[in-house]
1. Are there any pairs with C-beta distances below 9 angstrom linking a residue in the range 100-111 that is farther than 19 Å from Gly343 by Cα to a residue that is hydroxyl-bearing (Ser, Thr, Tyr) and in a helix (DSSP H, G or I), with the two at least 6 apart or on different chains, and if so which?
2. Just to be sure, is Gly203 outside the structural domain of Leu238 (by TED's automatic domain parsing), out of contact with any Ser or Thr (no Cβ under 6 Å at 6 or more places or on another chain) and buried (at least 23 other Cβ atoms within 10 Å of the Cβ)?
3. Among the listed residues Ser237, Ser292, Ser229, Ser254, identify the single one that is of a type in the set (S, T, N, Q), surrounded by fewer than 18 Cβ atoms within 10 Å (Cβ to Cβ), out of contact with any strand residue (DSSP E or B) (no Cβ under 6 Å at 6 or more places or on another chain) and modelled with pLDDT of 95 or more.
4. What's the number of the condition Ser133 fails, among (1) in contact with a Cys (Cβ under 8 Å, 6 or more places away or on another chain); (2) hydroxyl-bearing (Ser, Thr, Tyr); (3) closer than 23 Å to Pro255 by Cα?
5. With respect to the numbered conditions (1) surrounded by fewer than 19 Cβ atoms within 10 Å (Cβ to Cβ); (2) small (Gly, Ala, Ser); (3) in contact (Cβ under 8 Å) with a residue 12 or more places away in the chain, which one is the sole condition not fulfilled by Gly146?
6. Can you pull out every residue in the range 44-55 that is in contact (Cβ under 8 Å) with a residue 60 or more places away in the chain and either outside the structural domain of Gln84 (by TED's automatic domain parsing) or among the hydrophobic types (A, V, I, L, M, F, W, C) (or both)?
7. Got a sec? Which strands (runs of 3 or more DSSP E) wholly within the range 264-369 have at least 3 residues that are free of Cβ contacts under 8 Å to residues at least 60 places away in the same chain?
8. Assuming Lys6 fulfils every condition listed in (1) of a type outside the set (Phe, Trp, Tyr); (2) touching a Ser or Thr at 6+ places or on another chain (Cβ under 9 Å); (3) assigned to a helix (DSSP H, G or I) apart from one, which condition is it?
Amino acid sequence: MDMPFKDQLSWTRRHMQRLQRALSNLPDLSGMRLACSMHIDIKIIPLVEGLIERNARVYLVTCNPTTVRDEVVAHLQNQRVQVQAWNGMSDQAFQEAFNIALDWTPTHLCEFGADLTVTHLQQAENRPAIKASLEGTSSGIARLRGLSLPYPVFNWNDLPVKEELHNRHMVGLTTWLMFYNRTQLSLHGKRVLVIGYGSVGQGVAATARSFGGSITIAELDPLRALQASFDGWPVHSLDESLPLADVVVTATGSPNVLGPSHWPALKDGVFLLNVGHRADEINVTSLHVYPSRLVLPFIEEFNFGGRSIYLIAGGSMANLTAGQGDSLNAFDVTLAVMSAGIGYIAGPGAKQPPGLHLLPEKALDISII
């Protein structure tokens, strides 16, 4: 039986000691109006409450409607935090939320996926200036590169503590724990195709092997493909690999990695899941032209010419939508780094030139880690 929400929250706070140390190091944040686009999960409550205690004003929107916990929204709203999100909100409501948050006139942004910044740029001349921003995903960094940014945006996704801990280790672990819990199937005897060999794909592949799977990598970038080969993985093209795979995982951060041209190649009973930030790595719309039914929670079966294709979590980030996401002690580190980044953009970061920057290591107090 699930724990009552208040007990879950108490347990969560108990295991967020690094975050508490990082929050205690923050300056007074009076005057900061921080608009955040993030997964609205119970683990972010201690961060938001800590920012409010430091006198910041916070407006929350979600970076993924499928990962919103409505009881978390209700709790934060009771703490007088403004939240524009609910589980399963429509695409239109999801997009409108970014404009609503920006109309609140934030001074700073903290994002996963760069949606607020991209939306701001569409009408920047009609809105007050943003002083500085944080971005914490590979897909968000990819969207921002090449844009003419009118304020400094600090990339903390590529810091070793984020890339190696969260991206490389936690996503893989929580993905395969989710897979077993939802399907009651192990990976023994199964061929797992991992599409994308960034830090997330590397962790997904390594953990899949420890869970019994036989792994193949598909990677377009020749340097990453070479790295996968040197790491000991078989590397093949998508066309070669798809017909053999029992489980296919997208981990690229790019849209439409799998689409209608790939469905005929899939074997009967294959599982499709996405662990990248973007919810459109798998073109789910093109699957929905085929008969479908929900066979288990978060698992949808599509009938394709007498063959079954199983889609997990609707193509959204599977480890968090259908699972629990990062462990508390690992996400404690992630939130501690984010908290330190917020302190940095409230002070010296806002004085840096416009454009994309790596969050400097001096922004982090190593004692919090």
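The values are calculated or read from the model by the stated rules, or taken from the named source; none is laboratory data. The structure presented is a predicted model; accordingly, all values stated were derived computationally and were not measured. Methodologically, a virtual Cβ is constructed for each residue, glycine included, from the backbone with ideal geometry; neighbour enumeration extends over all protein chains shown.
1. From residues that are farther than 19 Å from Gly343 by Cα, the pairs are Ala101/Thr119; Leu102/Thr119.
2. Numbers: outside the structural domain of Leu238 (by TED's automatic domain parsing): no; out of contact with any Ser or Thr (no Cβ under 6 Å at 6 or more places or on another chain): yes; buried (at least 23 other Cβ atoms within 10 Å of the Cβ): yes.
No: the conditions fail for Gly203.
3. Result of the check over Ser237, Ser292, Ser229, Ser254: Ser237.
4. (3)
5. Unmet condition: (3).
6. Answer for the range 44-55, where residues must be in contact (Cβ under 8 Å) with a residue 60 or more places away in the chain and either outside the structural domain of Gln84 (by TED's automatic domain parsing) or among the hydrophobic types (A, V, I, L, M, F, W, C) (or both): Ile44, Leu47, Leu51.
7. Working: elements: 270-274, 292-296, 299-304, 307-312, 355-358.
Output list reads 270-274, 292-296, 299-304, 307-312.
8. (2)
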